[in-house]
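Here's the structure, in structure tokens; my notes come after.
Just so it is clear, none of the values below were taken in a lab; they were calculated from the coordinates. Owing to the predicted nature of the structure, the values given are computational and were not obtained by experimental measurement. Note: ideal-geometry Cβ built from the backbone for every residue, glycine included; neighbour counts use all protein chains shown.
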Ligand code: BES
Ligand code: MN
Ligand code: ZN
């Protein structure tokens, strides 16, 4: 069950397993922290005097209350320099501690912090409190079921936004972490259908194998042909009750390879289990459009998620095979492990031509090269148009899903050329691997403003999904709504 956020008053009189107060650096006791300190006979001030509490962002100290306030424990969390990032890591520390303490009811007491800071703390709390324990028999500790937030600034609508964002991020992480024998393309499509039927304004249509044949989606079909699991192109559409800008349609595209063996160009065995997470972009897109719809944002959105396995078999695509993408371009498949760009090619064409998107952004665990370049901190951001790329980058900074700009340039075009077809999907040159992939995708964007976010590093950390992109897509949709 996901965390539910409610607003409340008088934090110290709350019935809770844990009450969390916040202190900036350098630490001083003011506001609700001072009230807690008084109730606890000066322990917080004493810990500050002894330098045990510094207020450094993300540090946490837990005190037993021995009945002096209604909750058995009070946690003091540092908010460092008071930035949104620091509030997010403070919330994350509280969420992680609440999990360790098996707390079910938690009250956050951020006092008069700004709504953005309180929201960041809630979202951080949700991230820290999350565990994936569905497959541990009898061991799962439930997440915090009741999160109360005693804030003098947060409105009910803002609390709901944070709560829904937590739910969507946790939903994306569950999808990413679910093993590939359970999360097949069929299961992912069913999840999207269920989400849409529970959400007003949201529809879902799943394109089956026969539909993909009719649409001539040869790039997606070529990847899928090695697998016994049928491919799906999941198409979701959110039509708001009130439109921001007539004719503006945000197109979200997400790679959902439910397992990437590499195909005939098979990957080495070590770590291959992590390739169950090669659908992180698609999971984020599905949860994000659900979130945007639940929040009723005034922006029309179409989401296109191509989903397949990438398997080696007697029916699999061979290196050297040529496939024809939905937009008519021919592609020589040099390396069957460069499958993400193939399925995205047809999804981008679909989003632009049939989905009628007016601007595009895709999310994909696309290249090992972006992990080498940027690690697990920044996603790689590529874009065809400065204004749109700036919007996406700014949304990253707002949400904490941060993206670093990477180049596209005609000088890279020789990388994607083929001797026999219009394009090749991979080169043997070990050069600019992440740029190569982006330059390839651009061929399928129909000249629309487009951004590509490579989340191979940020989407999976420590063998688990992060939900990267959900908050970013919400922030993008909010920016488009504000421009109305
Ligand atoms: N899914 C992988 C990329 C990936 C690697 C994601 C590591 C997360 C962690 C992708 O399909 C892939 O295999 N890319 C190849 C492309 C190459 C064959 C041109 C890569 O990056 O090695
Ligand atoms: Mn691959
Ligand atoms: Zn892949």
Original post:
Fewest to most neighbouring Cβ within 10 Å: what's the order for 64, 209?
Top reply: 64, 209
**OP:** Quick one: compute a quarter of the convex hull surface over the Cα atoms of region 44-129 and quote it in nm².
**Re:** 5.6 nm²
Original post:
Any idea how far the Cα center of region 15-49 sits from the one of region 190-224, in Å?
Top reply: 52 Å
Original post:
If you average over every viewing direction, what projected area does the convex hull of the Cα atoms of the chain give, in nm²?
Top reply: 23.0 nm²
Original post:
So how far apart, in nm, are the two label points at residue 321 and residue 203 if each is 7 Å from Cα heading toward Cβ?
Top reply: 3.4 nm
Subject >> On Cα atoms only, tilt of 185-197 relative to the major axis of the chain in degrees >> reply: 60 degrees
**OP:** Could you state the angle between the C-alpha long axis of helix 84-100 and the longest principal axis of the C-alpha atoms of the chain, as a value from 0 to 90 degrees rounded to the nearest 10?
**Re:** 80 degrees
Original post:
How far is helix 386-399 tilted off the main Cα axis of the chain, in degrees rounded to 10, range 0 to 90?
Top reply: 30 degrees
**OP:** Grab every C-alpha pair in region 267-410, bin the distances at 5 angstrom width from 0 up to the longest one, and report whole percents.
**Re:** 2, 7, 14, 20, 22, 17, 11, 5, 2, 0
**OP:** Could you state the orientation-averaged shadow area of the convex hull built on the Cα atoms of region 404-479, in nm² to one decimal?
**Re:** 7.0 nm²
**OP:** Set the Förster radius R0 to 41 Å, insert the Cβ-Cβ distance between residue 156 and residue 210 as r into 1/(1 + (r/R0)^6), and round the FRET efficiency to 0.05.
**Re:** 0.30
**OP:** Quick one: Debye curve from the alpha-carbon atoms of region 326-391 only, equal weights, vacuum; give me log10 I(q)/I(0) at q = 0.15, 0.22, 0.24 Å⁻¹ to two decimals.
**Re:** -0.64, -1.14, -1.20
**OP:** With label points built 7 Å along Cα→Cβ from the Cα atoms of residue 64 and residue 181, find their separation and express it in nm.
**Re:** 4.5 nm
**OP:** Compute the distance in nm between two label points, each set 7 Å from the Cα along the Cα-to-Cβ direction, one at residue 330 and one at residue 431.
**Re:** 2.5 nm
**OP:** Could you pull the Rg and Dmax for region 4-148, using just the Cα atoms, both in Å?
**Re:** 14.4, 46
Subject >> Unit Cα scatterers, Debye sum, region 212-296: log10 I(q)/I(0) for q = 0.15, 0.16, 0.18, 0.21 Å⁻¹ >> reply: -0.73, -0.79, -0.91, -1.08
Subject >> Peptides ranked, highest mean first, by Cβ atoms within 10 Å: ranges 265-275, 315-325 >> reply: 315-325, 265-275
Original post:
Hey, fewest Cβ within 10 Å first, where do 370, 264, 286, 416 land in order?
Top reply: 264, 416, 370, 286
Original post:
If you find the alpha carbon centre of region 235-272 and of region 373-419, how far apart are they in angstrom?
Top reply: 17 Å
Original post:
With a Cα-only, solvent-free Debye model of region 96-216, what are the log10 I(q)/I(0) values at q = 0.09, 0.15, 0.20 Å⁻¹?
Top reply: -0.37, -0.85, -1.16
Original post:
Of 153, 391, how do they rank once you tally other Cβ atoms within 10 Å and put the fewest first?
Top reply: 153, 391
**OP:** Determine, from the Cβ-Cβ distance of residue 246 and residue 386 and an R0 of 30 Å, the FRET efficiency 1/(1 + (r/R0)^6), rounded to the nearest 0.05.
**Re:** 0.80
